[in-house]
1. Students sometimes get this wrong: rank 40, 180 by accessible area, probe 1.4 Å, all chains present, largest first.
2. May I ask for the Kirkwood hydrodynamic radius of region 24-128, worked out over all distinct Cα pairs and given in angstroms to one decimal?
3. Taking all protein chains as present, what is the carbon and sulfur share of the accessible area of region 24-128, in % to the nearest whole number, probe 1.4 Å?
4. Can you tell me the accessible area per residue over region 173-234, all protein chains present, probe 1.4 angstrom, in square angstrom?
5. Using the Karplus equation 6.51 cos²θ - 1.76 cosθ + 1.60 (θ = phi - 60°), what ³J(HN,Hα) coupling, rounded to whole Hz, does each residue of region 44-54 give in order, writing x for Gly and Pro?
6. Region 156-235: which GluC sites (Glu not before Pro) are DSSP loop and have at most 16 other beta-carbon atoms within 10 angstrom?
7. Tell me the net charge near residue 137. Cut-off is 13 Å between Cβ atoms, residue 137 excluded, with +1 for each Lys or Arg and -1 for each Asp or Glu.
8. What are the extents of the Cα atoms of region 135-202 along their three principal axes, in Å, largest first?
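The values are calculated or read from the model by the stated rules, or taken from the named source; none is laboratory data. For clarity, every value in this text was computed on a predicted model and none was experimentally measured. Glycine also receives a Cβ, built like all others from the backbone with ideal geometry; neighbour counts cover every protein chain displayed. Keep in mind that these areas ignore ligands, DNA and RNA; they rest on the heavy atoms of the full protein, side chains included. Shrake-Rupley method; radii C 1.70, N 1.55, O 1.52, S 1.80 Å.
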Amino acid sequence: MQDILGILLMFAGAASGLLVQDPVVCRFTESNQCYVALGKRLHLQITMEDRFELKIIDKTSTSRLIINYRKTQSNPPNPNPPRWQFVNDNKTMILTSAERSDAGTYTLSTFDAKGNSKGDYTLQLNIEAQVSSVKLSYSCLFPEVRKVYCSADGDNLRFNWTPESAIRLENENSTLVLEKTHIASVICRVENHISNDSGTITLEQCSDFTLIILSLVCVLLIILSVLAFYIYKKRQGLRNKEAPSQDGTELVYAQVTHLPKNKTETKPRIWFYWESNPGHQRSNPANPH
Ligand SMILES: *[C@@H]1O[C@H](CO)[C@@H](O)[C@H](O)[C@H]1NC(C)=O
Ligand SMILES: *[C@@H]1O[C@H](CO)[C@@H](O)[C@H](O)[C@H]1NC(C)=O
Ligand SMILES: *[C@@H]1O[C@H](CO)[C@@H](O)[C@H](O)[C@H]1NC(C)=O
């Protein structure tokens, strides 16, 4: 029993491996939209007819003939551009590596052996780059509101979110707005016509806004004080340049004035002496002895 299961698993693995490498097969008789990944292999099946013409009208509305087939020709014709290859046995056009320039409207005109029209078929070929590099980020708008952003590489991206409840979508669904929920992680799945990829992000609760404002004020204060210190330092530097110092040692100037105590005032003085001499009394000529 286990052996059978093992063989079955191996078979499933091989089958999925084959599926991955399988080319995209498009037929003119089926739905007229065909999606191919950039760089992937495309098989375009043509109905068995005596004659057919395959044309492309590309995005610049230019019409080009790719192949003109007649059953009566001895050698099967070579397609143009030569990136296309025609397999006569099963009437398959093969494109080994699809390019963006291959996108366009393909028209197949079929004829019978006498050259009468047997019908025209069209097919829209779309080339898309595969979805890759899904990136998620988020931001807090208010304490209760978080926005989750999803981005990816690739063409024609569509965004899907998990969980799908309590959701508001913006930006062509690439942004998810979470309000008043405690959802801890979200998954963003991105897909286009040919591939899909997904990413997960863990969400923290948004911190309280008063706390944020407080910390902003703190940061502002720190910046201001650093600025003030810097300006102060710069001014000091300027002052030091005016009186240059050597080896960082500061010169201190002091003006010393000395006033001797004895020489306080040198104002000229007028002295009056009154001499009295008892022996030589001033003689009064008017009053002789
Ligand atoms: C047609 O033949 C080619 C070459 O053998 C092969 O690669 C391709 O798969 C065939 N296509 C179909 C639809 O069978
Ligand atoms: C966004 O998602 C909604 C459903 O979730 C869908 O109907 C709509 O088409 C999407 N819009 C785009 C631009 O993908
Ligand atoms: C996503 O891609 C895988 C193959 O890579 C495919 O099996 C699966 O169905 C895709 N899922 C969706 C939702 O398209």
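1. These residues rank, largest area first, as 180, 40.
2. Computed over region 24-128, the radius equals 13.9 Å.
3. Whole-percent figure for carbon plus sulfur exposure: 45.
4. I get 70 Å² per residue for this part.
5. 10, 8, 10, 5, 5, 9, 6, 9, 8, 10, 10
6. Answer by residue number: 164, 172, 204.
7. Its environment carries a net charge of +2.
8. Extents along the principal axes: 39, 19, 18 Å.
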